[in-house]
Amino acid sequence: MFLLEKAKQALRILRFHRQNRKIRRLFRKKQGYEGNFEHPRDYWEKVQFRKLYGNHGFYGRLADKVLVREYVKERVGEEILVPLLGVYERLDEGILDRLPRSFVLKVSNASNWNEVVFDKSILDLGRTVRFFNRKVREKYSGKSGEVHYDYCMPRILAEELLLEEDSLPWSTNLFCYNNPGGFDYSICVHSPDELHKGHYDRSWNFLEGNLTPEMAERHAPPKVFPKMAEIARELSRGIDFVRVDLYGSRGRVWFGELTFTPGAGFGRIANPLRRKMRDEMWELDRENPLLYRNPEEVRAGW
């Protein structure tokens with residue numbers, strides 16, 4: 001038994017060092033400098049700290065697109081959940097035949113492995129089955145070291161397709177922070193194809209983006225934003241930082257997902273004010289065992 005536990009410990013140490021090397025290599029390539037992940041100073045370094053030392057089981061449960069529904073139901077009520085059409089370990093053409101004309105397919109243990117189906121009659125059923133059955137077996141963490149996705153249960157889910165005047169709804173992402181000073185947030189609204197974005201502070205002062213005046217007038221803020229802010233506050237309660245992704249459609253707020261490592265921590269922010277806000281608004285609650293593990297114990301394989 002002792003030798004078995006030592007072998008498991010050695011394997012955990014090896015896995016950590018592999019992840020650490022991968023993250024450091026990607027960070028140098030994407031950000032252009034050596035990150036300080038033990039005592040992070042800026043937002044991007046804090047994301048890497050979370051990837052290395054986060055309580056992955058906790059984040060994984062809330063990043064799981066099926067399991068998170070129970071969390072949302074408990075915190076704010078199930079009325080904001082997009083109706084679920086089915087959950088599957090694997091797809092086949094018979095399953096797709098039984099789904100309605102339009103729907104959305106997602107992989108539960110990943111981000112952006114989705115397909116929006118407007119009209120099933122023109123869908124290549126075989127290609128869709130092969131794509132999702134392949135993706136559900138892959139580890140999303142292999143791309144950027146976001147290990148918490150490995151703690152999700154790999155499944156395929158089908159949801160009702162939300163449409164606003166025959167178009168996909170815009171997203172409202174609230175970057176939520178819970179610090180000793182209280183709750184705070186900043187906002188990003190973006191088009192369904194993510195080609196148009198606008199970043200704002202909590203008072204809807206424009207920071208940067210490429211929205212046209214017409215887009216900004218319609219979507220910044222969305223008509224249901226006061227309700228969105230209430231929901232984001234409740235869903236983020238007890239978490240030092242999380243991005244809460246919501247939609248406004250049919251005069252209601254709908255839940256998208258909870259994102260704990262946006263862009264895997266490899267993005268860039270052009271606007272100095274927004275970059276400064278992002279660096280300072282997140283105070284790592286690194287002593288909170290719900291959110292983070294002890295770095296020394298992680299490095300030692302415990």
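The values are calculated or read from the model by the stated rules, or taken from the named source; none is laboratory data. Predicted, not measured: the structure shown is a model, and the values here were computed from it. A quick note on method: Cβ atoms are made from the backbone with ideal geometry, for glycine too, and the neighbour counts reach across all protein chains shown. Ligands, DNA and RNA are stripped out before the accessible areas are found, and what is left, the full protein with its side chains, is counted by its heavy atoms. Shrake-Rupley method; radii C 1.70, N 1.55, O 1.52, S 1.80 Å.
Would it be correct to say that residue 82 is in a loop (DSSP other than H, G, I, E, B), touching a Phe, Trp or Tyr at 6+ places or on another chain (Cβ under 7 Å) and either within 26 Å of residue 230 (Cα to Cα) or open to solvent by 70 Å² or more (accessible area, probe 1.4 Å) (or both)?
Yes: the conditions hold for residue 82.
In this structure, is residue 227 free of Cβ contacts under 8 Å to residues at least 12 places away in the same chain, open to solvent by 20 Å² or more (accessible area, probe 1.4 Å) and not acidic (Asp, Glu)?
Judged against the criteria, residue 227 is not a match.
Any residue at all in the stretch 30-50 that is assigned to a helix (DSSP H, G or I), out of contact with any Ser or Thr (no Cβ under 7 Å at 6 or more places or on another chain) and open to solvent by 30 Å² or more (accessible area, probe 1.4 Å)?
yes
Consider the stretch 160-193. How many of its residues are over 26 Å from residue 217 (Cβ atoms), open to solvent by 20 Å² or more (accessible area, probe 1.4 Å) and not in a loop (DSSP other than H, G, I, E, B)?
4
With (1) under 12 Å from residue 147 (Cβ atoms); (2) in contact (Cβ under 8 Å) with a residue 40 or more places away in the chain as the list, and residue 15 as the residue in question, which single condition is left unmet?
Checking residue 15 against (1) under 12 Å from residue 147 (Cβ atoms); (2) in contact (Cβ under 8 Å) with a residue 40 or more places away in the chain, the one that fails is (2).
Inside the stretch 271-302, can you point out the residues that are acidic (Asp, Glu) and either without any contact (Cβ under 8 Å) to a residue 40 or more places away in the chain or part of a loop (DSSP other than H, G, I, E, B) (or both)?
Passing the criteria: 280, 283, 285, 287, 296, 297.
For the stretch 66-76, state whether one or more residues are touching a Pro at 6+ places or on another chain (Cβ under 9 Å) and either free of Cβ contacts under 8 Å to residues at least 60 places away in the same chain or outside any loop (DSSP other than H, G, I, E, B) (or both).
No, the stretch 66-76 contains no residue that is touching a Pro at 6+ places or on another chain (Cβ under 9 Å) and either free of Cβ contacts under 8 Å to residues at least 60 places away in the same chain or outside any loop (DSSP other than H, G, I, E, B) (or both).
For residue 57, indicate whether it is assigned to a helix (DSSP H, G or I), modelled with pLDDT of 95 or more and open to solvent by 30 Å² or more (accessible area, probe 1.4 Å).
Criteria met by residue 57.
Could you tell me whether the stretch 136-149 includes any residue that is without any contact (Cβ under 8 Å) to a residue 60 or more places away in the chain, open to solvent by less than 20 Å² (accessible area, probe 1.4 Å), touching a strand residue (DSSP E or B) at 6+ places or on another chain (Cβ under 7 Å) and more than 30 Å from residue 250 (Cα to Cα)?
Yes; the residues of the stretch 136-149 include at least one that is without any contact (Cβ under 8 Å) to a residue 60 or more places away in the chain, open to solvent by less than 20 Å² (accessible area, probe 1.4 Å), touching a strand residue (DSSP E or B) at 6+ places or on another chain (Cβ under 7 Å) and more than 30 Å from residue 250 (Cα to Cα).
Of everything in the stretch 194-211, what is within 23 Å of residue 163 (Cα to Cα) and open to solvent by 50 Å² or more (accessible area, probe 1.4 Å)? Give them in sequence order.
Residues satisfying the conditions are 194, 195, 196, 197.
Can you find, within the stretch 150-159, the residue that is most open to solvent (accessible area, probe 1.4 Å) among those that are of a type outside the set (Asp, Glu) and closer than 29 Å to residue 29 by Cα?
Among those residues, the one meeting the criterion is 151.
Among the residues of the stretch 235-253, write down those that are surrounded by fewer than 21 Cβ atoms within 10 Å (Cβ to Cβ) and farther than 16 Å from residue 180 by Cα.
Result: 245, 249, 250, 251, 252.
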